[in-house]
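This report concerns only the one structure given below.
Values quoted throughout were computed directly from the atomic coordinates according to the rules given, and no laboratory measurement underlies them. Predicted model, so just to flag it, every value in this text is computed and none were measured. Quick reminder, even Gly has a Cβ in these numbers, built from the backbone with ideal geometry, and neighbours come from all protein chains shown.
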Amino acid sequence: MAIAVEEKRQIFHLQGDNFSYIFHVMENGELGQLYCGKKIHTKSDYKNLATREQRNATTAWRLDKPDFQTDVLKQEYAGFGKGDFRVPAYQIIFTDGSRISDFKYSGYEINQGKNRLHGLPCAFEDSKDDAETLTLFFEDKNAQIKLSLNYSLFPHQNVIVRSAEFINNSSDWAALSMAFSAQLDLPDCRYDFIHFSGSWARERHLVRSRLRPGLQSVGSLRTASSAQHNPFIMLARPDATEDAGEVLGFNLIYSGNFLSQAEVDQFATTRVLVGINPQEFSWTMRQGETFQTPECVISYSASGMNTLSQQLAKFYKKHLVPARFAEKERPILINNWEATYFDFDEAKLLTIAEKAKEVGIELFVLDDGWFGHRDDDTASLGDWFADKKKFPLGLGHLSEQIHKMRLKFGLWFEPEMISIDSDLYKEHPDWVIHVPDRAMTPGRNQFVLDFSRKEVVDYIFTMMSKVIEETKLDYIKWDMNRHITEIFSTALPPVAQQEMPHLYILGVYDLYERLTKKFSEVLFESCASGGGRFDLGMMYYAPQAWTSDDTDAVERIMIQYGTSYGYPQSMMGAHVSAVPNGQTGRVTPLSTRASVAYFGVFGYELDITKLPAEELAEIKEQVSFYKKYRRLFQFGKFYRIESPFIGKNNTDGNIASWQVVSEDKKQAIACRCQILNHANAPYCRIYFKGLLPDQKYTVNGSTEEFYGDELMNAGYFVTQTIDAVEHAKRSADFEAKLFIIQAVD
Ligand code: GLA
């Protein structure tokens with residue numbers, strides 16, 4: 001039993017392979033947190049962990065219990081207004097305006113596995129992986145509201161998935177003004193808060209800073225998880241590294257407004273809260289209605305961040321990504337966007353597809369501009385039918401030609417959007433998100449459809465279905481290119497307007513749910529101006545995501561390195577594009593662009609018809625190289641070796657290296673990128689990871705054989721980058737060296 005219950009003392013011990021999570025029911029009927037950390041024994045009592053002391057100037061629970069002071073105690077899902085002055089996990093507003101809840105424990109149940117949620121993306125258990133779900137029940141008798149706290153334990157990945165559900169059994173309404181998915185109170189504050197922040201084209205850069213008294217948080221109010229802050233955060237001991245030390249990871253299976261927060265209080269304890277951002281949120285439950293929070297994933301590692309990322313990757317593969325794609329090798333694609341932008345017709349696309357086929361590419365993706373009369377970004381979003389001018393024979397005809405070449409065919413959609421210059425807007429101007437009599441704020445010349453309305457989602461579903469059927473589509477790139485302003489629905493009553501951000505996301509999930517069910521073989525890739533909605537909610541439907549609009553190899557090193565902490569490489573769309581790069585103007589070697597992109601779901605984003613013969617030949621080699629090692633690149637165990645983020649490994653951000661290792665550890669590929677070349681540089685070595693210490697390997701086909709322990713502990717000599725200068729007379733900056741490590745039989 002991975003979940004042990006001490007019935008008499010009401011202690012719950014969730015024990016993963018390497019960690020323990022323990023809490024108990026306190027005297028006041030609420031849950032107290034006892035321990036979250038490296039695995040410890042199960043026993044019948046943890047008096048030491050539950051010890052409390054009376055503190056001055058602190059309120060007590062009752063006159064006869066002066067030492068029971070909630071502000072001093074670690075709790076599991078705290079309310080507000082009864083003496084705990086930290087930020088609470090939830091708050092309910094009642095009809096009389098009061099905001100005090102009093103939930104008392106009433107029982108628990110344990111079920112094997114993990115059920116899916118209805119209407120929300122969630123973790124699941126299809127793989128008989130020993131998951132167990134503990135549900136604890138609470139009731140506020142006075143208010144007649146019930147609360148369930150769900151804990152699903154996935155012991156082998158050291159993951160707990162948490163959520164809360166409120167049920168209003170009273171005859172009055174009650175409104176939630178906040179409802180986090182998880183709270184975790186830790187006994188000290190010796191942690192670094194690590195988060196992944198940036199912007200468009202600069203997503204998920206690692207930021208690490210020491211926890212200090214007060215609130216530290218990242219969040220979004222953009223109705224998208226955002227490129228600015230990702231919901232994934234870590235708390236790491238200050239001495240924790242990639243390969244040692246305690247780390248806790250938190251992520252939300254949700255794509256809308258979120259808040260991931262740590263609060264260090266007066267006693268130097270830490271409260272973590274993860275969930276829907278309370279700003280711009282409220283949810284009214286009428287009689288009999290419920291509210292289910294999204295799920296929060298909590299993972300623990302006692303051996304550093306690589307382990308944490310690896311166990312998360314495994315967890316997502318088994319318990320979050322659609323099972324039919326979880327282990328399926330993803331096709332190498334070519335996307336026409338950077339090759340043509342809006343300027344194409346069938347003939348031009350077919351020449352790109354033909355060349356792509358010649359070099360071994362497997363999927364042709366037609367990006368923005370194929371529908372309505374979209375010749376630039378001012379028109380036609382919402383009109384999901386082929387542009388007759390560009391496709392006089394119809395889109396079905398193009399797709400037939402592509403399929404005849406034995407290429408798969410993919411299309412770009414931006415289902416949530418509408419252009420004023422569109423048939424859809426002429427027919428349904430009220431379907432745009434707006435506040436009547438207020439100006440609408442444009443973003444990329446476009447506006448957003450009110451996905452809280454079922455008829456809107458129904459309409460888009462019908463339009464997309466027709467195209468998918470007509471083209472026998474294999475792949476969809478689902479884009480979302482602006483954030484939501486003037487959030488309001490003309491179809492909702494005033495009291496429900498603050499439900500709109502969550503309702504909107506539920507509408508997005510509804511469309512995803514229906515499309516992925518009806519067209520289960522279609523591979524979805526999510527996108528939001530690049531990596532602006534790179535989250536676990538999306539991953540549940542779309543196993544891959546466009547990591548960033550920035551395809552410059554140097555920038556991508558940081559973006560992919562940062563992303564790798566919380567997301568597997570099989571989720572990261574990574575393409576080779578032309579130089580000078582469209583975002584940075586930088587010219588990097590074709591080989592470097594490919595070497596960085598190999599460590600993701602590989603593809604091309606350039607006009608392949610315009611390349612000189614030698615580059616075309618090089619691309620052909622890259623494609624066959626990737627095919628040879630595709631499983632390793634997409635699903636191998638990912639190790640970060642040297643960080644491009646300054647200050648961690650004496651490289652000042654000039655060097656980055658990472659590695660993938662096969663399941664049996666017999667094969668590995670590492671990449672070492674050097675941004676600027678230096679003359680007469682110091683000697684350096686690369687220290688590979690994750691190999692079998694007693695196994696002999698070769699590196700890049702060397703005649704010398706090396707034991708795994710030598711390669712990991714003594715390292716492998718890295719030669720200077722001088723060849724390029726001497727032979728090709730080109731800059732030797734931006735070099736990526738690949739190391740193919742192969743076990744010797
Ligand atoms: C976004 C995407 C790009 C491309 C364009 C098309 O910016 O991130 O990859 O699809 O939209 O408009």
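Observations, loosely collected:
- The calculated 222 nm mean residue ellipticity attributable to helices in the chain amounts to -5500 deg cm²/dmol, summing -39500 (n - 2.57) over DSSP H runs of n ≥ 4 and dividing by all residues.
- Val744/Thr58 FRET efficiency (R0 56 Å; Cβ-Cβ; nearest 0.05): 0.25
- Of the chymotrypsin sites (Phe, Trp or Tyr not before Pro) in segment 199-278, those whose Cβ has at most 15 other Cβ within 10 Å and which sit in DSSP loop: Phe267
- Hypothetical label at Arg99: residues of segment 153-188 whose amide nitrogen lies under 17 Å (7 Å Cα-Cβ projection): 174-180
- 14 Å cut-off, amide nitrogen to a point 7 angstrom out along Asn115 Cα→Cβ, residues in segment 125-145: 125, 133-137
- About its Cα centre, segment 320-472 has a charge dipole of approximately 540 debye under the convention of +1 per Lys or Arg Cβ and -1 per Asp or Glu Cβ, with nothing else charged.
- Highest average packing first - 214-227, 321-334, Cβ atoms within 10 Å: 214-227, 321-334
- One equal scatterer on each Cα of segment 172-297, no solvent, Debye formula: the resulting log10 I(q)/I(0) at q = 0.14 Å⁻¹ is -0.64.
- In this simple spin-label approximation, Thr42 and Thr584 carry label points 7 Å from Cα along the Cα→Cβ vector, and these lie 5.1 nm apart.
- Packing, taken as the mean count of other beta carbons within 10 Å per residue, orders the peptides 26-34, 415-423, 53-61 from highest to lowest as 415-423, 26-34, 53-61.
- Distance histogram in 10 Å bins (all Cα pairs of segment 44-92, percent per bin): 25, 48, 25, 2
- Hydrophobic long helices, here whole DSSP H runs in the chain with Kyte-Doolittle means of at least -1.0 and Cα atoms spread over 30 Å or more along the helix axis, are found at 613-635.
- If the convex hull is drawn through the Cα atoms of segment 1-149, its volume per residue in Å³: 153 Å³
- The mean of 1/r over all distinct Cα pairs in the chain, once inverted, gives the Kirkwood hydrodynamic radius of 27.3 Å.
- Leading residue at positive end of dipole, the chain (Cβ point charges), from Ile3, Cys673, Val457: Ile3
- Applying 1/(1 + (r/R0)^6) with R0 = 35 Å to the Cβ-Cβ distance of Arg444 and Lys620 gives a FRET efficiency near 0.45.
- Additional length obtainable on full extension of the chain from Ser199 to Gln720, 0.36 nm per residue less Cα span: 184.1 nm
- Cα centroid of segment 210-261 to Cα centroid of segment 551-607, whole Å: 24 Å
- For Ser548, nonlocal amide neighbours, meaning residues 5 or more places apart or on other chains whose placed amide H falls under 5 Å from its own, are Gly531.
- Charge dipole of the chain about the Cα centre (unit charges at C-beta), most positive-ward option of Ala131, Phe625, Gly198: Ala131
- Between Arg212 and Leu393, the FRET efficiency from the beta-carbon distance, with R0 = 56 Å, is close to 0.30.
- Projected onto their three principal axes, the Cα atoms of segment 125-197 cover extents of 43, 35, 26 Å, largest first.
- Loop-located GluC sites (Glu not before Pro) in segment 615-685 (DSSP state not H, G, I, E or B) with no more than 12 neighbouring Cβ atoms inside 10 Å: Glu663.
- Net charge dipole size for the chain [Lys, Arg +1 and Asp, Glu -1 on Cβ; Debye, nearest 20]: 1160 debye
- Among the chymotrypsin sites (Phe, Trp or Tyr not before Pro) in segment 89-180, those placed in a DSSP loop whose Cβ has at most 16 other Cβ atoms within 10 Å are Trp173.
- Given their separation in residues at 0.36 nm each and the Cα-Cα distance between them, Gln144 and Ser127 gain 2.3 nm when the chain is fully extended.
- Using 0.36 nm per residue and subtracting the Cα-Cα separation, the extra length available between Thr351 and His678 on full extension is 113.5 nm.
- Under the Karplus curve 6.51 cos²θ - 1.76 cosθ + 1.60, θ = phi - 60°, whole-Hz ³J(HN,Hα) for segment 47-56, x wherever Gly or Pro sits: 4, 4, 6, 9, 4, 10, 10, 6, 10, 6
- Rounded Å value of the spacing that divides the Cα centres of segment 1-49 and segment 439-481: 47 Å
- Inter-label distance for Gln497 and Ala244, nm, one decimal - labels placed 7 Å from Cα along Cα-to-Cβ: 5.7 nm
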